[in-house]
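For reference, the structure discussed in these notes is given below.
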Amino acid sequence: MRAGLLAFFLLIAPPVAAQDMGALVMAARAQVGVTVLYDGAYVALDYPGGDLPADRGVCTDVIIRAFRAAWALDLQRVVHRDMQRAFAEYPALWELTAPDPNIDHRRVPNLQALMRRAGAALEISVNPSDYLPGDLVSWRLPGNLPHIGIVSDRMNADGNRPLILHNIGGGAQEDDLLTSFPITGHYRITSEALDWMQALDR
């Protein structure tokens, strides 16, 4: 994103207070060593507030649990309610004819759609310095698999790239992953984006 356009974006859409982004990062990091398994099985969940056992999950569960712990924001309910009112705005990849609160929020393409609709999407950059703690990033893994994680406030050993909090197969981890795969999305939760989502969680 060009510097002038980025400055304009920040003027019209200020980020959530730095301490709140720090809370999101800490909530994601708190899952490391707790979520130790990757489990993408379809599970019937309570609604709202449904979750798998804390020792298991997928990449989206890192995001969902961090939002709940840091901001008391339930992405299960947010995604479900937004899909109820705008189902056609979400990817038609699973041959569904109606929203499913058990799984919709646990699918990367749906979180990407939600973030775009909330106004949180930024242009994709290859410059690591454009990624701030608390940003969400999505990738395309080998085999055309989508992945998503949260940008950490810690840097890699060379100090030139932020680490990523995610679950790519071995539980929640904090890894040097940002430029390891093609980036498909970059999202920053501004105060306006957070307000937009919170309005769906009431």
>> Going by what's in this entry, would residue 169 be described as of a type outside the set (Phe, Trp, Tyr), within 16 Å of residue 189 (Cα to Cα), outside any strand (DSSP E or B) and touching a residue at least 12 places away in the same chain (Cβ under 8 Å)?
In response: no
> Within region 101-112, is even one residue out of contact with any strand residue (DSSP E or B) (no Cβ under 9 Å at 6 or more places or on another chain), surrounded by fewer than 17 Cβ atoms within 10 Å (Cβ to Cβ), closer than 18 Å to residue 61 by Cα and touching a residue at least 12 places away in the same chain (Cβ under 8 Å)?
Replying inline: yes
> Restricting region 73-92 to residues that are at pLDDT 95 or above and not in a helix (DSSP H, G or I), which is surrounded by the most Cβ atoms within 10 Å (Cβ to Cβ)?
Replying inline: 74
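The values are calculated or read from the model by the stated rules, or taken from the named source; none is laboratory data. These numbers come from a predicted model, not from an experiment. No Cβ is skipped: glycine too gets one built from the backbone with ideal geometry, and neighbour counts run over all protein chains shown.
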